[in-house]
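Accompanying notes for the structure given below.
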Amino acid sequence: MKIMIYFQGCTARDKLKNISRNTQMILDIAGVDYKILQEENCCGSILLRTGFQEDAHELMINTLKKLKGEKIVVSCAGCYRTLKKDYSEVFGEELDVIHISQLLEELIIEGKIRTKKESLKVTYHDPCHLGRHCGEYEAPRHVIGEKAELVEMDKTGEHASCCGAGGGVKSAYPELSSEISNKRIDEALKTGADVMVTCCPFCVLNLESDEIKVMDLTEFMLLGDGLFSEEKGTLETKEEGTLNSKEKGTLNSKENCTLESGTPVSEEKFVSDKHQGVSNE
């Protein structure tokens, strides 16, 4: 497989850093050869969605210079939609980009990673940018189904409710954003799920709740017995395969991660020297 650029995206890079760490851990387990840009620019999604077209295009030109001709994997649904569709529409450039949920599905099908079933019920929230905008509904569900029982909300797929954070709504209309988020949480609770999983950092942030654990797909995949690789053995992230009420409020991948030897994974281990600070310029 061609060396990939892992494009972290602003939110995973600066706010929800566990998503970036989890993604890198999974790529390492699967033996994916990847690099991270030393100076990663924003993809331009937020500026585009909030009407700052000129500023967005200027930013996108600089990002395009670093990504053109590369194979790219992203954590963020917004980054995926922007790099896959907007760069083509604005600049006529077809970027070779894949969302982490799609890559996970490929790695599972190819047998490069395996996981064990957990005794959990999981519901999935479709991010607008990944689902309605780009038509990807099945890959995340396939991945979740490999690890847990998937229970669907009433509104799914192209009919799924928004988390309430997109299009600048969370910044401009925070009360409306919270109201929309609370309605989605209610829908999730009706399924009886232990966890709600999504594939977008913005959704993770806006759907955060005391009533149900909300996780990014990469964090979810490292729960319990974690992931297996034929060549690299096992990575475990929790000693037990269950999620109790106390853990629902405290669990995060960084605190619970251990190597196969049982040694806690420090922050330095999450971002290996061979990948950090690599630029394609």
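Brief remarks follow.
- Just one of the listed residues (K147, K84) is in contact with a strand residue (DSSP E or B) (Cβ under 6 Å, 6 or more places away or on another chain), open to solvent by less than 50 Å² (accessible area, probe 1.4 Å), of a type in the set (K, R) and at pLDDT 95 or above, namely K147.
- Helices (runs of 4 or more DSSP H) (entirely within region 1-95) containing at least 1 residues that are within 20 Å of the chain's Cα centre (by Cα) and either of a type in the set (V, I, T) or within 26 Å of T218 (Cα to Cα) (or both): 10-14, 17-30, 45-49, 53-67, 77-81
- Per the conditions (1) touching a Lys or Arg at 6+ places or on another chain (Cβ under 8 Å); (2) among the small types (G, A, S); (3) open to solvent by 20 Å² or more (accessible area, probe 1.4 Å), the sole criterion not satisfied by G51 is (1).
- Residue count for region 200-213, restricted to those that are more than 11 Å from the chain's Cα centre (by Cα) and either in a loop (DSSP other than H, G, I, E, B) or without any contact (Cβ under 8 Å) to a residue 60 or more places away in the chain (or both): 7.
- Qualifying positions in region 114-125 - at pLDDT below 95 and either of a type in the set (V, I, T) or closer than 21 Å to C76 by Cα (or both): T115
- Verdict on D14 being open to solvent by less than 30 Å² (accessible area, probe 1.4 Å) and within 19 Å of G168 (Cβ to Cβ): no
- Summed over region 179-199, the residues that are open to solvent by less than 10 Å² (accessible area, probe 1.4 Å) and not in a helix (DSSP H, G or I) give a count of 5.
- Qualifying positions in region 99-143 - within 13 Å of A30 (Cβ to Cβ), outside any loop (DSSP other than H, G, I, E, B), open to solvent by 10 Å² or more (accessible area, probe 1.4 Å) and touching a helix residue (DSSP H, G or I) at 6+ places or on another chain (Cβ under 8 Å): E105, I108, R114, T115
The values are calculated or read from the model by the stated rules, or taken from the named source; none is laboratory data. Note that the structure is a prediction, hence the values are computed from the model and not measured. A quick note on method: Cβ atoms are made from the backbone with ideal geometry, for glycine too, and the neighbour counts reach across all protein chains shown. Ligands, DNA and RNA are excluded from the accessible area calculation, which covers all protein heavy atoms including side chains. Shrake-Rupley method; radii C 1.70, N 1.55, O 1.52, S 1.80 Å.
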